[in-house]
Each structure stands twice: as structure tokens, then as C-alpha cells.
Amino acid sequence: MQEKQDTQSQAPGALGKAHPALKAFMCGSLSGTCSTLLFQPLDLVKTRLQTLQNNTKPGAPRVGMFGVFVSVVRTETFFSLWKGISPSFVRCIPGVGIYFSTYYSLKQRFFLDRAPTAGEAVLLGAGARTVAGICMLPFTVIKTRFESGCYNYLSVAGALRNMYKTEGVRALFSGLTATLLRDAPFSGIYVMFYSQAKRALPQEVTSSAYSPLVNFSCGVMAGVMASLVTQPADVVKTHIQVRQSHWSMADAVRYIYTENGIGGFFRGTVPRSLRRTLMAAMAWTVYEQLMAQMGLKS
């Protein structure tokens, strides 16, 4: 206990006096900034794949992840791969901070003296993601529309004004159910696999100099599993949010199945799995290292 207090007292200035939940928010925001900037192109490609119209002739080569990459660079510019980076930052920087501060607060409230079980880890991750998802949903909608290439929004503020005037407040919260069906299970499954994988390793490994590599490896494994399970909900969410008409989940499911069959619910799996896996793994690695530097148990 004394060692923990000494470590916390070494944190510089006002940061050392900040509430632990605020420190968790700041650590999460910093980790979200790094991962968002690096992996935005994968998110754009995923959105383009999911909204690609099924107009290819029978026997024609199927458009895949690399085909979309090449098409964007050729028809637009290389930096077009980062379309949507502004709403991504607006969404992810506070969003990841909200997620980690909520996660930290819930964990400290209910699991201060013990590690959560697998089922409790699911609820812990899902609860934190639900709070963050609802708070940041309008920016999720705008990000999806930026990435789709179907809209000519010039700024996040301009997109907010345009959507409010032409479609009403409801449009800013379109796809809420599908978003929560994607994000809450993703985070729940992710936290479960991540925490269980770390618990299965010897203490000397997780607390050694190789702990960042261990955290990242556990995060990659957890991210792959969570991405695959939640892919259909992500496709449904994308279709709802890029449409100006107010679609329900049932409308989106019928459209996807009619146009592309069962395979349509798994469009964009590869770029999304890569992005979500690497982004989550990096975010958790950076978060845990920063929390350790501040003397807080993550």
C-alpha cells in the first residue's frame, strides 16, 4: 500500500491529484488517439465494402479489401483513406476515455478485492461500452457517412447542422440498437477473453519487462474472437446509418439478405477484424502502461 501511495505521489502537478477515474479517462483518450490515427484506413475500407452495391455480373471478380484500397487511391487520393478521421477523433478520443473511465469505475466499485469471473468480465466490458456508445452515437453516424463516400460533408459541425435540418434529431441516433448489439457484445467478449488470457499466464510473465507484448498478444486474440461474433450487427448498423430514410433493423436485414444473401452480413470482416483487433490491443496496451505509470491498478 505504501509503495502504491509513493508511486501516485510521483505523478506530476495537478495530474497526480486528479481523481482516478479522470486519470483513466485521460489514459484511454491518449490510447484512442494513437490507434484511431493509425487504423482509420481500415475502417474506411470496411465501410466501403459493406455499402458496395451488388451490381457485378455473374462470374465477375469479387471486389475485396485490396481492390477497395486501390480504387480509393486511384479515383481519389492516397489521403482519402483517412476520410472520416475528424469525426473519428471527435468520437474516439472522448469515447475511449469514457469507456475506460467507466470500466475503471465499475471495476473499482464491484471488483476491488478480486478479479472478475468470465461472466462478470462480459458484463463489465458491455456496461462500459454501452455508456460510451450512447454518448458518442451522433459522431458514429457522421463518421460512417464520411467514410461511405456518399456525402459531401465538409466538417463535423457542418454535418451535424445538415442532418439536424434535413432529417431531424432522430437521424443523429440512427442505428442505436444495432450499434449497441455490436459494441456491447464486442467489449464484453473482448474483456472476457483478454482478462482470462492474462489470468492464465504466470504472474512473473505479466509483470515482467515483456508485459506490453503480453498485453498486446492477449488483446489480439480477444479482438479476433469478438470481431467475428459481432460482424453481422456492424453491417446492419452501417446500412442504417448511411441511409437518409429512417430504416429499422428489420429493413436493413431484409435489404442485406435480398441483395447479398447470408454472405452480405460478413462483408468487410477482414478490414474490420484487423482494425478492431489492432486498435483494441493497442488501446489496452497503452492504457495499462499509462495506468501503471500513474500507480493505478487497471
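Bear in mind these aren't lab numbers, they're just calculated from the coordinates by the rules spelled out. Since this is a predicted model, take the numbers as computed values, not measurements. All Cβ positions, even for glycine, are placed from backbone atoms using ideal geometry, and neighbour counts span all protein chains on display.
Would you mind checking the tilt of helix 20-51 against the longest principal axis of the Cα atoms of the chain, expressed as 0 to 90 degrees and rounded to 10?
The angle comes out at about 20 degrees.
Given +1 on the Cβ of Lys and Arg, -1 on the Cβ of Asp and Glu, and no further charges, what dipole in debye does the chain carry about its Cα centre, rounded to the nearest 20?
Working: 30 positive and 14 negative charges, 121 e Å.
The calculation lands at about 580 debye.
Identify the trypsin sites (Lys or Arg not before Pro) of the stretch 75-140 meeting these criteria: DSSP loop state and at most 10 other C-beta atoms within 10 Å of the C-beta.
Those satisfying the criteria are Arg114.
At a 10 Å Cβ-Cβ cut-off, how would you order Cys135, Cys92, fewest neighbours first?
Taking fewest neighbouring Cβ atoms as first place, the list is Cys135, Cys92.
Tell me which of Thr258, Met192, Ser273 sits at the most positive position along the dipole axis of the chain, charges placed on C-beta atoms (Lys, Arg +1; Asp, Glu -1).
Thr258
Using alpha carbons only, how many degrees (0 to 90, rounded to 10) separate the axis of helix 176-200 from the longest principal axis of the chain?
Approximately 40 degrees, to the nearest 10.
Exposure proxy check: Met65, Met221 ranked by fewest other beta carbons within 10 Å?
In order of increasing Cβ crowding within 10 Å: Met221, Met65.
In a shell of Cβ-Cβ distance under 13 Å around Thr277, excluding Thr277 itself, what net charge do Lys and Arg (+1) and Asp and Glu (-1) give?
+3
Between Ala200 and Phe173, what is the FRET efficiency for a Förster distance of 30 Å, r being their Cβ-Cβ separation, to the nearest 0.05?
0.15
Could you work out how far apart the two model spin labels at Ala118 and Gln244 are, taking each label as a point 7 Å from the Cα in the direction of the beta carbon, and quote it in nm?
Label at Ala118, label at Gln244, 4.9 nm between them.
Rounded to the nearest 500, what is the chain's calculated 222 nm mean residue ellipticity when only DSSP H runs of at least 4 contribute -39500 (n - 2.57) each, over all residues?
Mean residue ellipticity, 222 nm, calculated: -25000 deg cm²/dmol.
Working from Cα positions, state the angle (0 to 90°, nearest 10) between the long axis of helix 249-260 and the longest principal axis of the chain.
60 degrees
Among Thr166, Thr177, Thr269, which one shows the highest mean-square fluctuation when the chain is modelled as a Gaussian network with alpha-carbon springs under 10 Å?
Answer for the Gaussian network model of the chain: Thr166.
Taking 0.36 nm per residue of sequence separation and subtracting the Cα-Cα distance, how much length would be gained by fully extending the chain between Cys135 and Thr77, in nm to one decimal?
That pair, Cys135 and Thr77, stretches by 17.6 nm at full extension.
Fewest to most neighbouring Cβ within 10 Å: what's the order for Ser155, Ser174?
Details: Ser155 11, Ser174 26.
Final ranking by Cβ density, sparse to dense: Ser155, Ser174.
Any chance you could check the Cα centroid distance between the stretch 172-226 and the stretch 89-155 for me, in angstrom?
Their Cα centres are 13 Å away from one another.
In nm, what is the difference between 0.36 nm times the number of residues separating Phe66 and His19 and their Cα-Cα distance?
Taking 0.36 nm per residue and subtracting the Cα distance, the gain is 12.4 nm.
In a shell of Cβ-Cβ distance under 13 Å around Phe173, excluding Phe173 itself, what net charge do Lys and Arg (+1) and Asp and Glu (-1) give?
+1
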